[in-house]
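Peer 1: Structure provided below as structure tokens; questions to follow.
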2 protein chains.
Amino acid sequence: MKFEDEAKGAEKHMDILGSLIIDSARLLRAAFERRIAQAGLELTPGEALALINIADLDGSRQLDIAARMGVEPMTLCAYLDKLETLGLVERQQCSADRRAKRIKLTETSGEMIGSIRNELNVILTQATEGLSEENNRILREALVLVNANLQATVPSAALQTAPDESR
Amino acid sequence: MKFEDEAKGAEKHMDILGSLIIDSARLLRAAFERRIAQAGLELTPGEALALINIADLDGSRQLDIAARMGVEPMTLCAYLDKLETLGLVERQQCSADRRAKRIKLTETSGEMIGSIRNELNVILTQATEGLSEENNRILREALVLVNANLQATVPSAALQTAPDESR
DNA sequence: CGAATTTCATAAGGCACCCTTACTATCTTT
DNA sequence: AAAGATAGTAAGGGTGCCTTATGAAATTCG
């Protein structure tokens with residue numbers, strides 16, 4: 001059997017990117033989790049991020065929020081259960097469509113949202129320490145592009161964006 | 001609703017980076033999982049990545065491989081159980097330290113490793129489509145920096161930094 | 001109009017990732 | 001030789017996210 005490991009050097013810088021992204025996410029999530037716990041906020045990272053997204057989309061329906069977050073509606077539903085239990089959001093009947101519910105922030109949520117944003121801010125400031133403004137921008141733009149590219153490879157994404165189903 | 005969120009703009013580009021990284025990781029993992037399944041490789045992404053790392057560190061002990069991967073020894077242990085069951089790696093007694101085991105690739109693993117590298121390659125080529133060589137490099141360097149920064153915030157990181165001088 | 005289909009939220013269940021704690025066997029130090 | 005550190009691992013848990021199925025309401029259409 002002959003192995004074609006000659007190409008390994010060329011591929012190496014590729015598969016490293018995969019590890020880098022996955023490692024970043026793990027580290028980031030862990031750091032966020034630690035900070036949230038330290039700050040005494042009784043939320044998981046997923047719930048906290050959901051709340052942040054809801055803050056930007058106050059009054060939206062669950063489908064829209066889930067789409068914005070890039071998760072399945074069911075995944076968001078679980079977060080909302082928790083957030084509602086904690087009194088941070090409310091599910092209100094949508095008058096236009098009685099199947100749907102509008103997710104509204106409660107008055108008491110403001111403080112929590114501020115705290116979460118603050119923790120996020122600290123973490124990301126630490127994480128990007130030593131990164132030039134310019135490269136910070138490129139990093140974000142590159143990730144936006146990567147995400148769009150990956151999203152396009154999702155089979156069901158054909159329904160949303162791609163007109164091509166030559167699969 | 002009538003709240004002034006003037007400060008939000010300043011923070012926004014920060015917390016977006018967090019979402020971007022986490023989203024990338026989720027999309028990447030999902031894409032990898034799909035491709036691995038399609039290719040008929042009976043591995044999870046974590047197991048596959050472990051195997052790739054082992055390929056670069058053939059004959060190392062589990063602690064070193066775990067450190068390289070950035071996971072706890074126990075996490076790696078579970079991957080190894082699976083990889084060993086599949087006949088892709090072997091645990092060999094380390095002659096110098098009978099507590100330790102050296103992880104060796106089996107002969108049959110070459111094919112699997114090639115397949116995994118290939119799938120990774122395809123995914124990452126897709127993911128970085130439209131990204132200039134220059135920005136690709138900056139992306140990777142920025143992530144390396146971010147990972148190092150985040151790693152430094154881990155409480156137990158003080159313990160981790162020392163034991164690695166045999167490189 | 002009424003039946004079929006679609007859509008929104010959700011209940012139920014599952015897989016993967018990764019961790020902490022605790023234990024055994026083996027080094028290392030004193 | 002006794003005490004403590006270290007390599008691997010068994011056990012178990014929390015989180016993230018998914019798929020499938022269900023009930024209710026909306027929409028399409030014969």
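Peer 1: Going through A:62, A:93 one at a time, which residue ends up being open to solvent by less than 80 Å² (accessible area, probe 1.4 Å) and either within 15 Å of DNA strand D (Cβ to nearest atom) or within 20 Å of the chain's Cα centre (by Cα) (or both)?
Peer 2: Just one listed residue meets the conditions, A:62.
Peer 1: Could you tell me whether segment B:42-57 includes any residue that is closer than 30 Å to residue A:148 by Cα and surrounded by fewer than 16 Cβ atoms within 10 Å (Cβ to Cβ)?
Peer 2: yes
Peer 1: Being part of a loop (DSSP other than H, G, I, E, B) and hydrophobic (A, V, I, L, M, F, W, C) is the filter; apply it to segment B:40-72 and report the residue that is nearest to DNA strand C (Cβ to nearest atom).
Peer 2: That would be B:71.
Peer 1: If you don't mind, there's one more thing I want to ask. In segment A:13-39, what count of residues is obtained for those that are part of a loop (DSSP other than H, G, I, E, B) and open to solvent by 50 Å² or more (accessible area, probe 1.4 Å)? Can you show your working first?
Peer 2: In the first step, residues of segment A:13-39 are kept if they are part of a loop (DSSP other than H, G, I, E, B); the result is A:39.
Applying the additional criterion that residues be open to solvent by 50 Å² or more (accessible area, probe 1.4 Å) yields none.
Going through segment A:13-39 one residue at a time, the tally reaches 0.
Peer 1: Look at residue B:107 and say whether it is exposed (fewer than 14 other Cβ atoms within 10 Å of the Cβ), more than 9 Å from DNA strand D (Cβ to nearest atom) and under 21 Å from residue B:42 (Cα atoms).
Peer 2: So residue B:107 fits the description; yes.
Peer 1: Mind checking which residues of segment B:118-154 are facing chain A (nearest Cβ under 7 Å) and under 16 Å from residue A:141 (Cβ atoms)?
Peer 2: B:127, B:128, B:129, B:130, B:131, B:135, B:138, B:139, B:140, B:142, B:143, B:146
Peer 1: State the number of residues belonging to segment A:65-79 that are away from DNA strand D (no atom under 12 Å from the Cβ) and of a type in the set (A, V, I, L, M).
Peer 2: Total meeting the criteria: 1.
The values are calculated or read from the model by the stated rules, or taken from the named source; none is laboratory data. It should be emphasised that the depicted structure is a prediction, and the values quoted were computed from it without experimental measurement. With ideal geometry, Cβ positions are generated from the backbone for all residues, glycine too; neighbour counts draw on all protein chains shown. Calculation scope for accessible area: heavy atoms of the full protein, side chains included, ligands and nucleic acids excluded. Shrake-Rupley method; radii C 1.70, N 1.55, O 1.52, S 1.80 Å.
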